[in-house]
Structures are given as C-alpha cells and as structure tokens.
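Have a look at this one.
The values are calculated or read from the model by the stated rules, or taken from the named source; none is laboratory data. The shown structure was predicted, so the numbers you read here are calculated from the model rather than taken from an experiment. Cβ placement follows ideal geometry from the backbone for every residue including glycine, while neighbour counts extend to all protein chains displayed. Calculation scope for accessible area: heavy atoms of the full protein, side chains included, ligands and nucleic acids excluded. Shrake-Rupley method; radii C 1.70, N 1.55, O 1.52, S 1.80 Å.
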Amino acid sequence: MKLRITSNVRREIQEAAEYYEAERAGLGDRFWQEVDAHVRWILENPTVPRLRNGDYRRVNLQIFPTT
C-alpha cells in the first residue's frame, strides 16, 4: 500500500496542531500523536476504510481534544 497525504491535508494538519498548541501547551503534540496513530492504523488496515470516488480512502480522527 502506498500512503499519500496531499499538501492540502498536510497544511490542515499543521494548522490544527498550531491551533491546539496555542490553546494549551502540549496539546499540539497530543494532536500529532493522534494523527500518527491513525496513519499507522491505516497502514495496518488499508482496506477497512471504504474506497471513495477519486480512488482514495479517508479516516477521520476521533473527537479531539479528549478531556
């Protein structure tokens, strides 16, 4: 399986991490950990997310931040 994260998605992830870090120190790092965990899950379970138009699969993060 080839994992591809588009430049738009990369930018959105970075902006979200910066936002969370500005809200509370360390929260941006927790967000990155959540993203990393989901990317690893995708790589381990590549056929679980349904194939979408445009030949890609998408996984939403759990509600973040958790309390």
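To the nearest 20 debye, what charge dipole does the chain have about its Cα centre, counting +1 at the Cβ of each Lys and Arg and -1 at the Cβ of each Asp and Glu? Mind dumping the intermediate values first?
Working: 11 positive and 10 negative charges, 91 e Å.
Dipole magnitude for the chain comes out near 440 debye.
Could you state the accessible area per residue of the chain in Å², with a 1.4 Å probe and every protein chain left in place? Let's see the in-between values first.
Details: 5530 Å² over 67 residues.
For the chain, the per-residue accessible area is 82 Å².
Hey, could you get me the Stokes-Einstein D for the chain, Kirkwood radius over alpha-carbon pairs, 37 °C and 0.692 mPa s, rounded to whole µm² s⁻¹?
Working: Rh = 13.0 Å.
Value of D from the Cα-based Kirkwood radius: 252 µm²/s.
Once both labels are modelled 7 Å past Cα along the beta-carbon direction, what's the Leu27-Ile42 spacing in nm?
The answer from the label model is 2.4 nm.
Could you look at the chain and say what percent of its accessible area is carbon and sulfur, using a 1.4 Å probe and all protein chains? Mind showing how you got there, number by number?
Values: 2670 of 5530 Å².
Taking all protein chains in place, the chain shows 48 percent carbon and sulfur surface.
Over the stretch 1-61, what is the relative contact order in whole percent, taking alpha-carbon pairs under 8 Å and six or more residues apart?
Details: 32 pairs, mean separation 14.2, N = 61.
Relative contact order here is 23 percent.
To continue, here is another question. Report the one residue of Asn45, Ala17, Ile63 whose Cα lies farthest in the direction of the positive end of the charge dipole of the chain (charges on C-beta: Lys and Arg +1, Asp and Glu -1; origin at the Cα centre).
Going by the Cα projections, it comes out as Asn45.
Work out from phi, with θ = phi - 60° and the Karplus expression 6.51 cos²θ - 1.76 cosθ + 1.60, the ³J(HN,Hα) of each residue of the stretch 39-45, listed in order in whole Hz, and give x for Gly and Pro.
5, 4, 4, 4, 5, 7, 10
While we're looking at this one, here's another question. Of all the stretches in the chain, which is the longest one without any exposed loop site, taking trypsin sites (Lys or Arg not before Pro) in a DSSP loop (any state but H, G, I, E, B) with at most 16 other Cβ atoms within 10 Å? Walk me through the numbers on the way to the answer.
Details: sites that count: Lys2, Arg4, Arg24, Arg50, Arg58.
Result for the longest clean stretch: 25-49.
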